[in-house]
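Here the structure is laid out as structure tokens; the discussion comes afterwards.
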Amino acid sequence: MIYENPSHRRVKGSRLLLITCGYCKKEIAHYQKVGKGNLLRMYVPRIVRSAVDLSKKPGSLSCPKCKKQLATRVTLRRKGKDAYVMKRSAFNSAEL
């Protein structure tokens, strides 16, 4: 089931990425990436839709199919924003 993010905001100059599980290739989320470089963390307001219900504020982002952990939820000190710190090689990203 696909959940729409209630705190989603459009970001100017962003590109849309499809995030999939690195183990079973299940679609996890559509994310707005700003800037170039690798995906290190996913900010919650930039997640457009996901396979995990984000309104329940889960402590980690896991694949709904294979139950592997893909990211851990943190609150950044300087910015005060909620984000998921992604585990390397646990996910794939492709531009939509």
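The values are calculated or read from the model by the stated rules, or taken from the named source; none is laboratory data. Remember, it's a predicted structure, so these values are computed and weren't measured experimentally. Because the Cβ atoms are built from the backbone with ideal geometry, glycine has one as well, and the counts that use them run over all protein chains shown. With ligands, DNA and RNA removed, areas are computed over all heavy atoms of the protein, side chains included. Shrake-Rupley method; radii C 1.70, N 1.55, O 1.52, S 1.80 Å.
Within the stretch 36-88, work out how many residues are open to solvent by less than 70 Å² (accessible area, probe 1.4 Å) and of a type in the set (K, R).
2
List the number of the failed condition for K65; all other conditions in (1) out of contact with any helix residue (DSSP H, G or I) (no Cβ under 7 Å at 6 or more places or on another chain); (2) at pLDDT 90 or above; (3) under 19 Å from V85 (Cβ atoms) hold.
(3)
Among the numbered criteria (1) open to solvent by 50 Å² or more (accessible area, probe 1.4 Å); (2) charged (D, E, K, R); (3) not in a loop (DSSP other than H, G, I, E, B), which single criterion is violated by K33?
That leaves (1) as the condition not met.
Within the stretch 47-91, count every residue that is under 18 Å from R9 (Cβ atoms) and in contact with a Gly (Cβ under 8 Å, 6 or more places away or on another chain).
0
Quick one: what pairs do we get from the stretch 61-76, first residue closer than 16 Å to G22 by Cβ and without any contact (Cβ under 8 Å) to a residue 24 or more places away in the chain, second part of a strand (DSSP E or B) and of a type in the set (V, I, T), C-beta under 8 Å, 6+ apart or different chains?
That search, which allows pairs on different chains as well, returns T72/V85.
Mind counting the residues in the stretch 1-30 that are in a strand (DSSP E or B) and at pLDDT 85 or above?
Residues meeting the conditions: 12.
Which numbered condition in (1) modelled with pLDDT under 90; (2) out of contact with any Pro (no Cβ under 9 Å at 6 or more places or on another chain) is the only one that A51 fails?
So the condition that A51 fails would be (2).
State the number of residues belonging to the stretch 1-30 that are under 19 Å from R73 (Cβ atoms), open to solvent by 70 Å² or more (accessible area, probe 1.4 Å) and among the aliphatic types (A, V, I, L, M).
Of the residues in the stretch 1-30, 0 are under 19 Å from R73 (Cβ atoms), open to solvent by 70 Å² or more (accessible area, probe 1.4 Å) and among the aliphatic types (A, V, I, L, M).
P45 fails exactly one of the following numbered conditions: (1) out of contact with any strand residue (DSSP E or B) (no Cβ under 9 Å at 6 or more places or on another chain); (2) not in a loop (DSSP other than H, G, I, E, B). What is the number of that condition?
(1)
Condition first: in contact (Cβ under 8 Å) with a residue 24 or more places away in the chain and either under 14 Å from K81 (Cβ atoms) or of a type in the set (K, R) (or both). Now tell me which residues in the stretch 9-30 satisfy that.
R9, V11, R15, K25, K26
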